[in-house]
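A short worksheet on the structure shown next.
The values are calculated or read from the model by the stated rules, or taken from the named source; none is laboratory data. Note that this is a predicted model, so its numbers are computed, not measured. Don't worry about glycine lacking a Cβ; one is built from the backbone with ideal geometry, like all the others, and counts go over all protein chains shown.
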Amino acid sequence: MTATAENPRRAPETSHTGASLALWFGMLGGPAAAFLNVLVTYQVVNRACIARSSIAIHVFMGTFVLLAVIAGAISWRLRTRAGSWPDDAGGMMARSRFMATVGLLTSAISIVAILMQWIPVFFISACQGS
């Protein structure tokens, strides 16, 4: 670790647009997938009832689970790259560490939420509620 003039213990930090976008995707990708899961599958139920097949619902739900898992994997990779929590946290690395950790947690919650919404699809027909 190299030192800077103002703080001899701190490494210089540079801004990377790709890493920043990955942090935002990791943090918001899981909740966005859970929101889109509710939005899209609600619209697909009528078509699934007409077709007498729930395959379309399963495809969309599987896609949204995969999207949330990808967001979590990106957050995990960025979290391990950011290292451990220092005593004097501050700056871009601390922000990256925090965003990656929040991304891990929100992705995990989103995966659980989507899976819990997916369970009834296995037991209840698309036409059963109407």
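Only one of MET61, MET116, MET99, MET92 is in contact (Cβ under 8 Å) with a residue 24 or more places away in the chain and farther than 24 Å from GLY18 by Cβ; which?
MET61
Scan the range 59-68 for residues that are closer than 17 Å to ILE119 by Cβ and crowded, with 16+ Cβ neighbours inside 10 Å and jot them down.
The answer is PHE60, MET61, PHE64, VAL65, ALA68.
State whether one or more residues within the range 85-92 are in contact with an Asp or Glu (Cβ under 8 Å, 6 or more places away or on another chain) and surrounded by 12 or more Cβ atoms within 10 Å (Cβ to Cβ).
Among the residues of the range 85-92, at least one is in contact with an Asp or Glu (Cβ under 8 Å, 6 or more places away or on another chain) and surrounded by 12 or more Cβ atoms within 10 Å (Cβ to Cβ), which makes the answer yes.
With respect to ILE70, is the statement that it is in a helix (DSSP H, G or I), β-branched (Val, Ile, Thr) and in contact with a Gly (Cβ under 6 Å, 6 or more places away or on another chain) true?
No, not satisfied.
Hey, does the range 107-118 have a residue that's crowded, with 18+ Cβ neighbours inside 10 Å, touching a Leu at 6+ places or on another chain (Cβ under 8 Å) and on the phi < 0 side of the Ramachandran plot?
No, the range 107-118 contains no residue that is crowded, with 18+ Cβ neighbours inside 10 Å, touching a Leu at 6+ places or on another chain (Cβ under 8 Å) and on the phi < 0 side of the Ramachandran plot.
Going through the range 78-121 one residue at a time, which ones are modelled with pLDDT of 90 or more and out of contact with any helix residue (DSSP H, G or I) (no Cβ under 8 Å at 6 or more places or on another chain)?
Residues satisfying the conditions are LEU105, VAL112, MET116, ILE119, PRO120.
List pairs: first in the range 20-37 and at pLDDT below 95, second surrounded by fewer than 18 Cβ atoms within 10 Å (Cβ to Cβ), Cβ under 6 Å, 6+ apart or cross-chain?
MET27/VAL102
Given the criterion farther than 15 Å from LEU28 by Cα and in a loop (DSSP other than H, G, I, E, B), identify the matching residue among ALA48, ALA56, ALA94, ALA126.
One residue alone meets the criteria, ALA126.
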